[in-house]
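Colleague: What follows is a structure written as C-alpha cells; I'll ask about it next.
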C-alpha cells in the first residue's frame, strides 16, 4: 500500500528537504567562517588576563633581572681577592713596609683589602698587642666580609619564595571571582564569559608566579656556589697574609742578639820586677 500525500509519512517526506535546508548553514555563513581568522594569542593579551597579581609579579621580575646583572658584575674574584693586590701586599710585608701597605689597602676596595686594613690599623694603634689578638681581629673582619657576601644574594631567595605566594593569592581571587559570577543573575552568555575570565586570571597568576620563582631559585643556587668559592679564596688569602705578618712580628733574633756577650774576666796583673830595685837572694848577708 502506497502512502498518501495527506498522511503523516507523506507530509514528512514533503517537508524534510526544507527542514534540512533550514538547519544547514548558508553559503554566506560558511564563507564567513572560512575567512575569519582566530584571535591572535599574544603574551600581552595573556598578561592582561592575569589581573592585579601580574603587576606585582612584573615588578618582582624587573627586580630579579636587575639583581642578576649586578651579581654577575660584582661577584667575581677580582672584587674579593685580586692578584695585583696580593702580589703588592706580599712584597711590602716581606719588606716590613707597613705604612705603604696600609696606604695601598685604603685605596683598594677588595674584601681582602678591608681585612688587611682593619688588621694593620689595630696593630699600629696597639704595638704591644699579642699576635693571637691580631689574628682574632683579622678573623672577625674576614667573617664580616663573608657574611656580607652571603647576605647580598638572599634577595633572590626572597623573590623565589614570594613570587609563587603572590601568584597563589591571585589564583584565589580569580576563583572567588568565578564563583561570584556563577551565583549572579547575569545572562547565560555573559555568565560563561565572566567565568572564563576568572579562571584565566587564576591560571595566569599561578603560572607567572611559578615561572619567576623557579628562575629566581635557580639563579640563587648558582650565585650561592659562586659566593662559597669566593669565601674560600678570601680565607686562603687572609691566612697567607697573616702568616707573613706573624713571621715579621715574631721573627727570631739574630745570633749576636740571641747570645749575649759574656763579660770579660780581668786577668790578674803580673808583677813585673822593678829594674831600679836589685834582686835579693837568700845568700846575701844582712
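Any read-out appearing in this document is the output of simple, stated calculations on the displayed coordinates, not a laboratory observation. Being a predicted model, the structure only gives us computed values, none of them experimental. Cβ sites come from the backbone with ideal geometry, for glycine too, and all protein chains shown count toward neighbours.
Colleague: Give the stretch 115-125 a look and list any residue that's touching a helix residue (DSSP H, G or I) at 6+ places or on another chain (Cβ under 8 Å) and either surrounded by fewer than 13 Cβ atoms within 10 Å (Cβ to Cβ) or at positive phi (or both), or say none.
Modeller: Initial filter on the stretch 115-125 (touching a helix residue (DSSP H, G or I) at 6+ places or on another chain (Cβ under 8 Å)): 115-124.
Answer for the stretch 115-125, where residues must be touching a helix residue (DSSP H, G or I) at 6+ places or on another chain (Cβ under 8 Å) and either surrounded by fewer than 13 Cβ atoms within 10 Å (Cβ to Cβ) or at positive phi (or both): just 124.
Colleague: Test residue 128 against the stated conditions and say whether it is outside any helix (DSSP H, G or I) and either under 22 Å from the mean Cα position of the chain (by Cα) or more than 12 Å from residue 242 (Cα to Cα) (or both). Reasoning before the result, please.
Modeller: On the way: outside any helix (DSSP H, G or I): yes; either under 22 Å from the mean Cα position of the chain (by Cα) or more than 12 Å from residue 242 (Cα to Cα) (or both): yes.
The answer is yes for residue 128.
Colleague: Which of the residues spanning the stretch 162-176 are surrounded by fewer than 21 Cβ atoms within 10 Å (Cβ to Cβ) and over 24 Å from the mean Cα position of the chain (by Cα)?
Modeller: Within the stretch 162-176, 168, 169, 172, 173, 175, 176 meet the criteria.
Colleague: If you don't mind, another one. Of all residues in the stretch 74-92, which are part of a loop (DSSP other than H, G, I, E, B) and either surrounded by fewer than 16 Cβ atoms within 10 Å (Cβ to Cβ) or touching a residue at least 40 places away in the same chain (Cβ under 8 Å) (or both)? First the steps, then the outcome.
Modeller: Taking the stretch 74-92 first, the residues part of a loop (DSSP other than H, G, I, E, B) are 75-76, 81-82.
Scanning the stretch 74-92 gives 75, 76, 81.
Colleague: Quick check: is even one residue across the stretch 93-102 touching a residue at least 60 places away in the same chain (Cβ under 8 Å), touching a helix residue (DSSP H, G or I) at 6+ places or on another chain (Cβ under 9 Å), on the phi < 0 side of the Ramachandran plot and loosely packed, with under 12 Cβ neighbours inside 10 Å?
Modeller: Yes, the stretch 93-102 contains a residue that is touching a residue at least 60 places away in the same chain (Cβ under 8 Å), touching a helix residue (DSSP H, G or I) at 6+ places or on another chain (Cβ under 9 Å), on the phi < 0 side of the Ramachandran plot and loosely packed, with under 12 Cβ neighbours inside 10 Å.
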